[in-house]
1. Check off (1) crowded, with 23+ Cβ neighbours inside 10 Å; (2) more than 19 Å from residue 177 (Cβ to Cβ); (3) of a type outside the set (Asp, Glu); (4) away from the ligand (no atom under 12 Å from the Cβ) for residue 420 and give me the number that stays unchecked.
2. Which condition number in (1) over 28 Å from residue 273 (Cβ atoms); (2) touching a helix residue (DSSP H, G or I) at 6+ places or on another chain (Cβ under 7 Å); (3) more than 16 Å from the ligand (Cβ to nearest atom) is the one that residue 379 fails?
3. Under 6 Å between Cβ atoms, at least 6 apart or on separate chains: pull out the pairs that start in region 126-155 with a residue that is of a type in the set (S, T, N, Q) and end on any residue that is away from the ligand (no atom under 16 Å from the Cβ).
4. Need the failing condition index for residue 239 against (1) under 17 Å from residue 175 (Cα atoms); (2) in a helix (DSSP H, G or I), just the number.
5. Given the conditions (1) in a loop (DSSP other than H, G, I, E, B); (2) closer than 21 Å to residue 108 by Cβ, which single one is not true for residue 71?
6. Consider region 292-302. How many of its residues are open to solvent by 40 Å² or more (accessible area, probe 1.4 Å) and in contact (Cβ under 8 Å) with a residue 60 or more places away in the chain?
7. Here's a check for you: in region 426-437, which residue that is open to solvent by less than 10 Å² (accessible area, probe 1.4 Å) and touching a Gly at 6+ places or on another chain (Cβ under 6 Å) is farthest from the ligand (Cβ to nearest atom)?
8. Which of the following residues is under 21 Å from residue 367 (Cβ atoms), open to solvent by less than 50 Å² (accessible area, probe 1.4 Å) and touching a helix residue (DSSP H, G or I) at 6+ places or on another chain (Cβ under 7 Å): 277, 284?
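The values are calculated or read from the model by the stated rules, or taken from the named source; none is laboratory data. As the structure is a computational prediction, the values presented were derived from the model and not from experiment. All Cβ positions, glycine included, derive from the backbone under ideal geometry; neighbour counts span all protein chains shown. Side chains included, ligands, DNA and RNA excluded: accessible areas come from the protein's heavy atoms. Shrake-Rupley method; radii C 1.70, N 1.55, O 1.52, S 1.80 Å.
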Amino acid sequence: MSLDKFPEDFLWGGAIAAHQAEGAWNRDGKGISVADVMSGGKHGSERVITAGVIDGMYYPNHDAVRFYDHYKEDLEYFSEMGFKAFRTSIAWTRIFPKGDEAEPNEQGLKFYDDVFDECIRLGIEPVITLAHFEMPYHLVEAYGGFGNRKCIDFFTNFATVCFERYKHKVKYWMTFNEINNQTNYKSDFALFTNSGLRIHDDSERERAMYQAAHYELVASALAVRIGHKINPDFKIGCMVAMCPIYPNTSKPEDVMLASVAMQRRLYFADVHARGAYPRNMIAYFERKNFNLDITDVDLDILSKGTVDYIGLSYYMSFTIANPHDNPQFDYDESRMLVKNHYIKTSKWGWAIDPVGFRYALNWLYDRYQLPLFVVENGYGEHDVIKDNTISDDYRIDYLREHIIQMKHAIVEDGVEIIGYTTWGPLDIVSAGTGEMSKRYGFIYVDRSDDGTGTYKRIPKSSFDWYRNVIATHGDVL
Ligand code: BG6
């Protein structure tokens, strides 16, 4: 093994999610997903979640960027950049429109056959997330989302159908995208997109989140086992949002809270990787008297469904200060994060911290000793189009600095990384805000926040830059 550069088979590429790119929200038998009932928002004002699709209301994901119709052209662009891997998700509602049907929707299955065939034709490895913030809305209304144990079966049915259908086309899978985002349980958005939860009583929120997360962890472990039976060569990972949390000062209380905060945000990966809850979480559940529905059978399932790798997104670090009224170091993301004065932020307030990326990769690898797969990293920014060209040097700078740190992690620190897929290689609808103008792409899409535009694709200056990064195997940055 040579550690002086990126591994030969390193999977360079890009990542999107079905609901943020495809559009065609109600075509060919597709059902309504949680993403289809969220309005547009912006920095500082959360997206509104409506009770079903309401006439006259604007929903940015309904059309997204029309990847459903443009996928051949888009994949061709990715191939031109030399992509080795392309991550997307399978929209659960294309396969099971309501989520609880006995039989899948053939037209939905056929669409992904076509997409994966095209990837394979172009020499691009598809990397597939099963649930990326797009559970069927019917499961929310009829069952209360993942607050209901029945959703374990609905998810594993969906996973089984996908594993069987694509077993010769897809090798890399992930179960739940950023399963740990819901640690921010005070956010309606986080609870709804991760777990399909609508909790109006504030005192119920935290417990409800841990209960839903438990059912998801069981569903994920079952899916890992089913997948490995269907094809022993499958590599099935979890996916966590990795935001390392720094103490604001060297005050022991800040340091202690930062450590607890990492436990709360990352126990999801502990369970996925080790097959058991860490003792710190069991102690916490007991202290809080949560009385979660966790059975011995569940614990057995968790122990037998551990993942093959840790998928992660990295955008930013967090910094935390312990408030005076928090002697037990309870973590509340909505009120304890503070600004890190050593770090600049994006226009959306996201800390730009490349060294934090190296730290994050080391932290995860030290803890799990499992290969990592960086399946999201990128820079959301307004782009200006002038004379049909877009110069996005700020995006190149962000990515360059992060790739340099990833290289340090591989070469100097010995961290094992399977690949790196940047977020939104094609501009897509922002998950957090529903805006189009928070762009991540190497390829511009002519669409505005209100959905107007030609949807034409135009490569930006970062397109050639990334093509060269891949061509030189990360030597020329
Ligand atoms: C991650 C999600 O949270 O970050 C993506 O997995 C999301 O779905 C990405 O798009 C960037 O966030 P945003 O809010 O800028 O779209």
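1. In the conditions (1) crowded, with 23+ Cβ neighbours inside 10 Å; (2) more than 19 Å from residue 177 (Cβ to Cβ); (3) of a type outside the set (Asp, Glu); (4) away from the ligand (no atom under 12 Å from the Cβ), residue 420 misses (2) alone.
2. Only one criterion is unmet by residue 379, namely (3).
3. Going by the 6 Å Cβ cut-off, there are no qualifying pairs.
4. So the condition that residue 239 fails would be (2).
5. (1)
6. Just the residues of region 292-302 that are open to solvent by 40 Å² or more (accessible area, probe 1.4 Å), to begin with: 293-297, 299-300.
Restricting the remaining residues to those that are in contact (Cβ under 8 Å) with a residue 60 or more places away in the chain gives 293-294.
Looking only at that region, the number is 2.
7. Per the stated criteria, the residue is 426.
8. On the way: 284 fails: touching a helix residue (DSSP H, G or I) at 6+ places or on another chain (Cβ under 7 Å).
Sole residue among the options that is under 21 Å from residue 367 (Cβ atoms), open to solvent by less than 50 Å² (accessible area, probe 1.4 Å) and touching a helix residue (DSSP H, G or I) at 6+ places or on another chain (Cβ under 7 Å): 277.
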